[in-house]
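**Q** Got a structure for you, written out below as structure tokens; questions coming shortly.
The values are calculated or read from the model by the stated rules, or taken from the named source; none is laboratory data. Here the structure is a predicted model, which is why all the values come from computation and not from measurement. Glycine gets a Cβ as well: all are built from the backbone with ideal geometry, and neighbour counts include every protein chain shown. Just so you know, the surface numbers come from the protein's heavy atoms only, side chains and all, with ligands and any DNA or RNA stripped out. Shrake-Rupley method; radii C 1.70, N 1.55, O 1.52, S 1.80 Å.
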Amino acid sequence: PHPRIPLPQDLYGEQRRNSRGLDLSSDITLTQLAAALQASAAHPWTAGPMLGTGNPPGTSQPVCNPADHRDQVGMVQEASTADVDQALAHAQGAAEHWAATPAAERAAILQRAADLLEDRMQPIVGLLMREAGKSASNAVAEVREAVDFLRYYAVQVQATFDNATHIPLGPVVCISPWNFPLAIFMGQVAAALAAGNPVLAKPAEQTPLVA
């Protein structure tokens with residue numbers, strides 16, 4: 001090792017830790033990943049309206065692997081108009097409390113989320129491959145990008161934001177794109193939350209389980 005060449009995790013210096021990847025050229029890593037993918041495939045993935053008061057009753061429909069429609073990835077319950085109205089009311093009710101939360105506390109929450117996402121990379125990679133049709137390397141890169149978004153916005157808000165000078169907008173709607181259902185979605189959500197806004201998160205129709 002050269003003392004002036006930082007290790008990958010130290011790429012951003014003291015600002016933030018770089019996201020951790022998987023070495024897909026390693027037989028040991030591939031063996032571990034294969035086991036994680038099998039476990040992920042056996043997991044009963046479900047998605048539905050999350051309104052803070054328990055999921056409302058409704059009809060679920062299957063979500064299938066776009067590369068193999070015989071592979072049912074999980075089940076999704078679509079939100080009704082009433083669910084959306086209730087979500088809006090909850091977001092408006094939470095706006096004042098979240099806006100008053102210190103920037104450092106909001107940043108710490110995003111940092112914890114980044115660590116949890118990184119720790120659970122392998123099952124999430126499996127879900128990205130089956131629901132979004134991604135390759136293993138692309139799925140790993142997407143999880144890493146999501147982790148980097150969380151840490152980046154956490155550092156930015158902790159270093160530059162003050163509740164007295166940075167006034168939140170209020171409830172923000174974030175819509176996930178089907179081709180980056182985790183990374184870009186997480187970037188939108190993290191930025192809005194870091195700035196003190198409650199978020200209404202709307203998944204892409206093709207990838208509700210990842211969202």
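**Q** Residue-wise, which Karplus ³J(HN,Hα) couplings in Hz belong to the range 18-35, taking 6.51 cos²θ - 1.76 cosθ + 1.60, θ = phi - 60°, and x for glycine or proline?
**A** Those phi angles translate into 5, 5, 8, x, 10, 7, 6, 8, 8, 4, 5, 4, 5, 5, 5, 5, 4, 5 Hz.
**Q** Determine, for each peptide in 13-21, 154-162, the mean count of other beta carbons within 10 angstrom over its residues, then list the peptides with the highest first. Write down the numbers at each step before the final one.
**A** Numbers: 13-21: 14.6, 154-162: 16.4.
Top to bottom by mean Cβ count within 10 Å: 154-162, 13-21.
**Q** Further question: Can you give the local net charge around Q38? Use residues other than it whose beta-carbon is closer than 15 angstrom to its beta-carbon, Lys and Arg +1, Asp and Glu -1.
**A** Combined, the nearby Lys, Arg, Asp and Glu give 0.
**Q** Right, something else. For the range 94-211, just the Cα atoms, rotate onto the principal axes and tell me the three extents in Å, largest first.
**A** Principal extents (largest minus smallest coordinate, Cα): 45, 26, 16 Å.
**Q** Now, a different point. For the chain, what is the accessible area per residue in Å² when the probe is 1.4 Å?
**A** On a per-residue basis, the chain sits at 57 Å².
**Q** Counting only C-alpha contacts under 8 Å and six or more residues apart, can you give the relative contact order of the chain as a whole percent?
**A** 23 percent
**Q** Can you pull the percent of the chain's accessible area that's carbon plus sulfur, 1.4 Å probe, other chains left in place? Show your work: numbers first, answer last.
**A** Details: 6980 of 12130 Å².
Accessible surface attributable to carbon and sulfur in the chain totals 57 percent.
**Q** Let me ask something else. Find the relative contact order for the range 1-97 and round it to a whole percent, using C-alpha pairs within less than 8 Å whose residues are 6+ positions apart.
**A** The normalised contact order for the range 1-97 reaches 18 percent.
**Q** Quote the charge dipole size of the chain about the Cα centre in Debye, to the nearest 20; the model charges only the Cβ of Lys and Arg (+1) and of Asp and Glu (-1).
**A** Approximately 260 debye in magnitude.
**Q** Based on the Cα gyration tensor of the chain, what are the three equivalent ellipsoid semi-axes, each the root of five times an eigenvalue, rounded to whole Å and given largest first?
**A** Details: eigenvalues 168, 156, 25 Å².
The three semi-axes for the chain are 29, 28, 11 Å.
**Q** Assuming a ≥ b ≥ c are the square roots of the Cα gyration tensor eigenvalues, decide whether the range 1-76 counts as rounded (a/c under 1.5), prolate (otherwise, with a/b larger than b/c) or oblate.
**A** It comes out oblate by the Cα gyration axes.
**Q** Another one. If packing is taken as the mean number of other Cβ atoms within 10 Å per residue, what is the order of 141-153, 193-205, highest first?
**A** The packing order, highest mean first, is 141-153, 193-205.
**Q** Could you order L24, L110, L116 by accessible surface area, starting with the largest, using a probe radius of 1.4 Å? Don't jump to the answer; show the numbers that get you there.
**A** Details: L24 55, L110 10, L116 85 Å².
My answer, sorted largest first, is L116, L24, L110.
**Q** Another question, then. Can you compute the equivalent ellipsoid semi-axes for the range 14-139, i.e. the square root of 5 times each eigenvalue of the Cα gyration tensor, sorted largest first and rounded to whole Å?
**A** After scaling each eigenvalue by five and taking roots: 31, 26, 10 Å.
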